[in-house]
1. Provide 46, 52, 124 in ascending order of the number of other Cβ atoms located within 10 Å of each residue's Cβ, fewest first.
2. Full-extension gain between residue 28 and residue 122, please, as 0.36 nm times their residue separation minus the C-alpha to C-alpha distance.
3. Using a/c under 1.5 as the rounded threshold, could you call segment 1-107 rounded, prolate or oblate? The axes a ≥ b ≥ c are square roots of the C-alpha gyration tensor eigenvalues, and prolate needs a/b larger than b/c, oblate otherwise.
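FYI, it's all coordinate maths here, none of it is from the lab. It should be emphasised that the depicted structure is a prediction, and the values quoted were computed from it without experimental measurement. Every residue, glycine among them, receives a Cβ derived from its backbone with ideal geometry; neighbour counts consider all protein chains shown.
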Amino acid sequence: MFPAYFSMVGVCCAISVAAFGYLHPWKSATMPEKYQLGFLVSAFAFNLSNLFVFTPMTIEMMKQRHKVEREANIGDEIGWSKNQEAAKTNPKLAAMNKKFGMIHGLSSLANIMSFGSLAMHSWFLAGSRALAWVGPKSVTTLATAKSITKKKSTKKCKSPLPQNLSRKVPSKSDVRYRR
């Protein structure tokens, strides 16, 4: 199950890195875009470490544990009850349990770091893609909304106020500009 999961996430990360790198070349990218690419690459690296380092170690340790558990006539039940009792008398099983816990913990840490990196990339994406309501049933990007409002603003406004009073221009004494 885990090799398939890490393979799928790795393929998705690779596609994301390639697409983002193609759309935002390093030399012309802004600093936030460079951070995004860094987060994508780090997520890809953490996922590859899980796929090629921790997963084979975990599978090998699991096979060894199953062999030792079969020799001790335990392992048919679900849970740790007999395994922990047998580990008290069998130092080999106790060492395997400890090593398995360490490998599993490092794998979980790499998975959390990958998830965190992808979350930071998503946070950057959400911050750069503001949405604006244009109509009751359509949502467009901010750039499209600005172009629509520019087209609408070229029409003459029939305001009862004189043209110079229709907009309030903030002054330096305005509360928003005080420090």
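1. On the way: 46 23, 52 13, 124 16.
Fewest-to-most ranking of 46, 52, 124: 52, 124, 46.
2. Answer, rounded to one decimal: 31.7 nm.
3. It comes out prolate by the Cα gyration axes.
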